[in-house]
Amino acid sequence: MAAAAKPQAESHGMHKNLLQVKITTPDRVVFEGEAKSLQFPAEDGLVGILPGHASMITTVDVGLLKMQLPDGKETFFVLTRGFGEVRHHFGGGTEVHLTVDSGENPEIIDVDRAKRAVERARRRLAEKDLKIDQPRAEYALKRALIRLQSRNRDPQV
Amino acid sequence: MANIRELKVRIKSVGNIRQITRAMEMVATTKLRRFQDRAVASGPYSEEIEKLVQSLAASVLSGDEVPPLFQERKGLVTGILLVTSDRGLCGAYNANIFSLLRRVLREQEGRDLRFYVIGKKGSSFVKKLGLHLEAYLDDPSLELIGYRDAARISRFLTEEFTSGKVDEMRVVYTKFLSMAKYQPTDFRLLPLSAEKTVSREEGGFQSQPLLVPSEQTIFERLVPKYLETRLFNLLMESLTSEYASRMVSMKSATDAAGEMQADLRKEFNRARQERITTELLDIVGGAEAIS
C-alpha cells in the first residue's frame with residue numbers, strides 16, 4: 001500500500017507542481033499523498049488531471065486509476081463508482097479527492113474471486129429472468145472484469 | 001446456628017454473580033472499542049460525501065424541479081425504522097427507546113404505521129403492541145453490520161419510499177452523546193428536508209466548479225450515498241450507545257455485588273463471633289458447675 005504519510009498540505013502554496021490526492025472509501029482512506037498527475041475513469045471516458053486543473057466535480061465510473069508519483073513511479077488503483085472532486089486553489093496547489101465505493105491496489109486483488117464474480121454475473125445476465133436487476137448485474141460484471149484486467153497493468157480498459 | 005451456613009452459601013453465590021457481571025462488563029468494553037473503530041473508519045467518507053452534497057444542494061434545490069427524495073407527500077403511511085438491541089442486560093437502553101416510541105405513536109395517531117425493525121427486543125415489542133411489522137431486518141445482526149450492509153438497508157428503505165409504499169420514513173434510534181449520555185431520538189429520514197441539507201456557509205472553491213456530466217446527474221447519484229452514510233452512522237451510534245449502556249449497567253451490578261458481599265461477610269463474622277462467645281460461655285458455665 002502506497003500510503004505516503006505526507007502531512008496534508010495546509011498551505012497550498014508549497015506544492016504548486018504536485019497534486020494533493022486523497023482516495024476515500026467507506027472502509028478507510030486508501031491513499032493520501034502527492035502525485036505529479038493522475039488519470040481516472042469518469043462516466044464519459046478517462047479524465048486526466050495535472051496540477052493547476054480547474055475546479056471540478058464529476059462522477060467516477062468503474063475503472064483503473066493511474067497515478068504518477070513524485071518519484072516518477074506509477075501506481076494503480078481499481079476504482080468503483082463514486083465521485084471525483086478537483087479543488088484548485090489560486091496561486092496554490094490542486095487537491096483531488098476521489099470518494100468511491102472501493103479503491104484497491106491491483107496487487108491485493110483476489111484473482112480467483114474476481115473470476116468467480118465474472119462467471120456469476122455472466123450467468124445471471126444470461127438467465128433472462130425478469131426478476132434480476134439488470135443494471136446491477138452489469139455493474140458487477142464490469143467491476144469483476146476491471147479487477148481481472150488490472151492485473152495486466154493496462155490502463156486502456 | 002444454621003444461619004452461618006446459609007450466609008456462607010450466599011456469600012459464595014453473590015461472589016459468583018459478581019464474577020459474571022465483571023466478565024460481561026469487560027466484554028462490553030472490548031466490543032465498544034471495536035464498534036467505535038468501525039464508526040471512525042468510515043468517518044472520512046461520510047465527511048467527503050456530506051461536503052459534496054452541501055456544495056451542490058443549494059443550487060439544485062433552488063431549481064424548479066424538486067428531486068423525488070425531497071418531495072413532501074400528502075399520504076398517510078409512515079414507515080418507522082426501529083433500532084433496538086438483540087439482547088437484554090443493557091440497563092434502560094431498550095426501555096428508553098420504547099418510551100420514546102410510545103410518544104411517537106401518540107404523535108402519529110391517525111396515520112398508518114409500518115415498522116421496520118432491527119433487534120430482537122424491538123420486534124417482540126412491536127408484536128406485543130400489535131403493531132404492523134413490515135420487515136424484521138436481522139441479517140446480519142446489528143453487531144455485525146458493516147458499511148455495505150447499512151447501504152443495502154438504506155437502498156431497501158429508499159425503495160419503500162420511492163415505490164410509494166410509505167409516504168415518509170422515520171428512524172427511532174439512540175443517539176450517542178457521550179459514554180454516559182445517550183438519547184433516544186426520532187427523526188425523519190425521508191423525504192429529505194432541503195433546509196437541513198443546505199448549509200449556510202459554503203466556501204472552499206475559488207470559482208464555480210465545472211460539473212460533469214451535469215449538476216442534476218451528480219446530485220442524483222450523491223443523494224443515495226448520503227442516505228447510506230447517514231444510516232450507517234446512526235446504526236453505529238445505536239450500537240455504541242447499547243454497549244456503553246451495557247458496560248455501565250454491568251459495572252454498577254459488579255459494584256452492587258461487591259457491596260453486598262462485604263455486608264454479608266460482616267454479618268457472617270458477627271454470627272461466627274456470637275457462636276464462639278456462646279460456646280465459651282457454655283464451657284465456662286459447665287466447668288463452674290462441675291467444680
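Examine the range B:176-196 for a residue that is among the β-branched types (Val, Ile, Thr), at pLDDT 90 or above and in contact with a helix residue (DSSP H, G or I) (Cβ under 9 Å, 6 or more places away or on another chain), and state whether such a residue exists. Within the range B:176-196, one or more residues are among the β-branched types (Val, Ile, Thr), at pLDDT 90 or above and in contact with a helix residue (DSSP H, G or I) (Cβ under 9 Å, 6 or more places away or on another chain).
Among the residues of the range B:78-117, those identified as of a type outside the set (A, V, I, L, M), surrounded by 23 or more Cβ atoms within 10 Å (Cβ to Cβ) and in contact with a strand residue (DSSP E or B) (Cβ under 8 Å, 6 or more places away or on another chain) are B:Gly79, B:Thr84, B:Tyr93, B:Phe115, B:Tyr116.
For B:Thr174, the criteria (1) β-branched (Val, Ile, Thr); (2) open to solvent by less than 70 Å² (accessible area, probe 1.4 Å); (3) farther than 18 Å from B:Ala244 by Cα hold in every case but one, which is (3).
B:Glu50: under 30 Å from B:Leu105 (Cα atoms) and either within 14 Å of chain A (Cβ to nearest Cβ) or open to solvent by 30 Å² or more (accessible area, probe 1.4 Å) (or both), yes or no? Spelling it out, it is not the case that B:Glu50 is under 30 Å from B:Leu105 (Cα atoms) and either within 14 Å of chain A (Cβ to nearest Cβ) or open to solvent by 30 Å² or more (accessible area, probe 1.4 Å) (or both). Restricting the range B:26-47 to residues that are touching a residue at least 60 places away in the same chain (Cβ under 8 Å) and under 21 Å from B:Lys251 (Cβ atoms) leaves a set whose member that is most open to solvent (accessible area, probe 1.4 Å) is B:Gln36. A:Asp71 meets the conditions (1) open to solvent by 10 Å² or more (accessible area, probe 1.4 Å); (2) within 14 Å of another protein chain (Cβ to nearest Cβ) in every case but one. The failed one is (2). If you go through the range B:119-137 and keep only what is open to solvent by less than 50 Å² (accessible area, probe 1.4 Å) and either more than 20 Å from B:Pro184 (Cβ to Cβ) or among the aromatic types (Phe, Trp, Tyr) (or both), you end up with B:Phe125, B:Ala135.
Does at least one position in the range A:94-110 carry a residue that is more than 17 Å from A:Val29 (Cα to Cα), within 14 Å of chain B (Cβ to nearest Cβ), open to solvent by 10 Å² or more (accessible area, probe 1.4 Å) and free of Cβ contacts under 8 Å to residues at least 60 places away in the same chain? Taking every residue of the range A:94-110 in turn, none turns out to be more than 17 Å from A:Val29 (Cα to Cα), within 14 Å of chain B (Cβ to nearest Cβ), open to solvent by 10 Å² or more (accessible area, probe 1.4 Å) and free of Cβ contacts under 8 Å to residues at least 60 places away in the same chain.
On inspection, A:Gly52 qualifies as over 15 Å from the mean Cα position of the chain (by Cα) and touching a residue at least 12 places away in the same chain (Cβ under 8 Å). When restricted to residues that are within 14 Å of chain A (Cβ to nearest Cβ) and either closer than 11 Å to B:Ala244 by Cα or hydroxyl-bearing (Ser, Thr, Tyr) (or both), the range B:26-42 contains 1.
One residue stands out among those in the range B:231-268 that are open to solvent by 70 Å² or more (accessible area, probe 1.4 Å) and without any contact (Cβ under 8 Å) to a residue 60 or more places away in the chain: the one that is nearest to B:Ile4 (Cα to Cα), which is B:Lys266.
Looking at the range B:116-148, which of its residues are in a loop (DSSP other than H, G, I, E, B), among the acidic types (Asp, Glu) and under 18 Å from B:Val166 (Cβ atoms)?
Passing the criteria: none in range.
What single numbered condition from (1) out of contact with any Asp or Glu (no Cβ under 8 Å at 6 or more places or on another chain); (2) assigned by TED's automatic domain parsing to the domain that holds A:Ile146 fails to hold for A:Phe76? Exception for A:Phe76: condition (2). Remark: pairs (first residue in the range B:162-183, more than 15 Å from B:Asn233 (Cα to Cα); second residue not in a strand (DSSP E or B); Cβ separation under 6 Å; 6+ apart in sequence or on different chains) = B:Val166/B:Glu160; B:Asp167/B:Arg73; B:Asp167/B:Gly75; B:Met169/B:Leu157; B:Met169/B:Phe161; B:Met179/B:Ala244. The number of residues in the range B:138-171 being buried (at least 18 other Cβ atoms within 10 Å of the Cβ), over 24 Å from A:Asp27 (Cβ atoms) and not charged (D, E, K, R) comes to 3.
Of all residues in the range B:130-153, those satisfying the criterion of being under 13 Å from B:Ile118 (Cα atoms) and not aliphatic (A, V, I, L, M) are B:Glu134, B:Tyr136, B:Asp138, B:Asp139, B:Pro140, B:Ser141, B:Glu143, B:Asp149. For A:Ala35, the stated conditions do not hold, so it cannot be described as under 22 Å from A:Arg151 (Cα atoms) and within 7 Å of chain B (Cβ to nearest Cβ). State all residues of the range A:42-59 that are of a type outside the set (Asp, Glu) and at the interface with chain B (Cβ under 10 Å from one of its Cβ atoms); if no residue qualifies, say none. Scanning the range A:42-59 gives A:Ala42, A:Val47, A:His53, A:Ala54, A:Ser55, A:Met56, A:Ile57, A:Thr58, A:Thr59. Hey, does the range A:15-33 have a residue that's crowded, with 18+ Cβ neighbours inside 10 Å, in contact with a helix residue (DSSP H, G or I) (Cβ under 6 Å, 6 or more places away or on another chain) and of a type in the set (D, E, K, R)? No: zero hits.
The values are calculated or read from the model by the stated rules, or taken from the named source; none is laboratory data. What you see is a predicted model, and the numbers here were worked out from it, not measured in a lab. Neighbour counts are summed over all protein chains in view; Cβ atoms, including those assigned to glycine, are modelled from backbone coordinates with ideal geometry. Just the protein is used for accessible areas: all its heavy atoms, side chains included, with ligands, DNA and RNA removed. Shrake-Rupley method; radii C 1.70, N 1.55, O 1.52, S 1.80 Å.
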